[in-house]
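Colleague: Just passing along the structure, written as structure tokens.
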Amino acid sequence: MVTAPEWAQRLPRRRRGAIPLSDADAVRFALRRTTLVRLALAGLLVTLGAVAVWRAAALNPRPVSFLPASTTSVVVIDQSKSVYITAYKRIALLLRKLAAADVPVGLVAFSDTAYELLPPGARGSELKPLLRFYTPGNGGSNVDPETLYAANPWQDVFSGGTKISSGLDMAESLLHRDHIHNGTILLASDLETAGEDEPSLAQSLVRIERDKGVHLKIVPLFPVEDDQLFFERFVPKRDFVKPSELHVTGPTQARRRLIAGTPWPLLVVGGLLLLALAANELACGRLHLPRPRTEEA
């Protein structure tokens, strides 16, 4: 028989406080079950805590409410003759909004053909020089006295025809050319296209809808009802930008406004974490025994 060393036998023994039970074997199963429940709840709490931290770190507020988070946008501006002067104010609001947020953008102008004016990934502030073409009286000596708008440098390049498909195809090809996987095409147009372009336009809209790496947003420039209905056959109404979303908020136009959607995954994880904590307290709390009452003398 192996005995402890003499020096070990002389050490004072620390006794753990416990309640002596004559039927300890009867509660042995309950003790194991409680231990397993504690370990499972501890693992669940650690997992939910880690997921909550991950979801909180993944929150990405959007500086522009109608654009997806962390996207690179290609603005496609309709320069056809059917876009009237009344639509210039809305184009200016769009450009000013993107310039104030300084989000990464590209720029395409089109009528019957499309041209790349800015490559995708350019700073939104680079759109500011274009504002003078859509703001009355800001063109200096180059202002047309009849319209009060400065003549843009490409108005003589485009013909009177309109092929919206050319602008959409150009924007999509630029996003793929520059290997942008979270791109947005932002079309500013009165949605009127040539009759012979409608089949090509329908194909472009269907292709963009199926493209997982490209989103399409539309800024309507006072379209007629038939043209609006044509686009609504291919584009959900939620992807049409409302005029109220184009205004720059704050005391100055350069002020940014961060907008983020409700973080439902984080809220769900937080709720589960609270439930797990409550279950831990109910199932694994200490057993409190009432003190025995002393008989009154």
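Colleague: Suppose the chain between Gln228 and His247 were pulled fully straight at 0.36 nm per residue; how much longer would it get relative to their current alpha carbon spacing?
Modeller: 4.6 nm
Colleague: I'd like the accessible area for Glu232, computed on protein heavy atoms only with a 1.4 Å probe and all protein chains in place. Round to 10 Å², please.
Modeller: Glu232 has an accessible surface of roughly 60 Å² with all protein chains in place.
Colleague: With a sphere of radius 13 Å drawn around the Cβ of Leu118, what net charge do the other residues whose Cβ falls strictly inside it have (Lys, Arg +1; Asp, Glu -1)?
Modeller: Combined, the nearby Lys, Arg, Asp and Glu give -1.
Colleague: On to the next question. Just reorder Phe234, Phe133, Phe29 by solvent-accessible area, largest first, 1.4 Å probe, all chains present.
Modeller: These residues rank, largest area first, as Phe29, Phe234, Phe133.
Colleague: Within the stretch 202-229, whose backbone N sits under 19 Å from a point 7 Å along Cα→Cβ of His176?
Modeller: Inside the label zone: 202-217.
Colleague: Are any of the pairs Lys89/Lys242; Lys89/Lys163; Lys97/Lys242; Lys89/Lys217; Lys97/Lys128; Lys97/Lys217 more than 21 Å apart by Cα-Cα distance, and if so, which?
Modeller: Too far apart for the 21 Å limit: Lys89/Lys163.
The values are calculated or read from the model by the stated rules, or taken from the named source; none is laboratory data. Bear in mind the structure is a predicted one, so any value in this text is a computation, not a measurement. Don't worry about glycine lacking a Cβ; one is built from the backbone with ideal geometry, like all the others, and counts go over all protein chains shown. Just the protein is used for accessible areas: all its heavy atoms, side chains included, with ligands, DNA and RNA removed. Shrake-Rupley method; radii C 1.70, N 1.55, O 1.52, S 1.80 Å.
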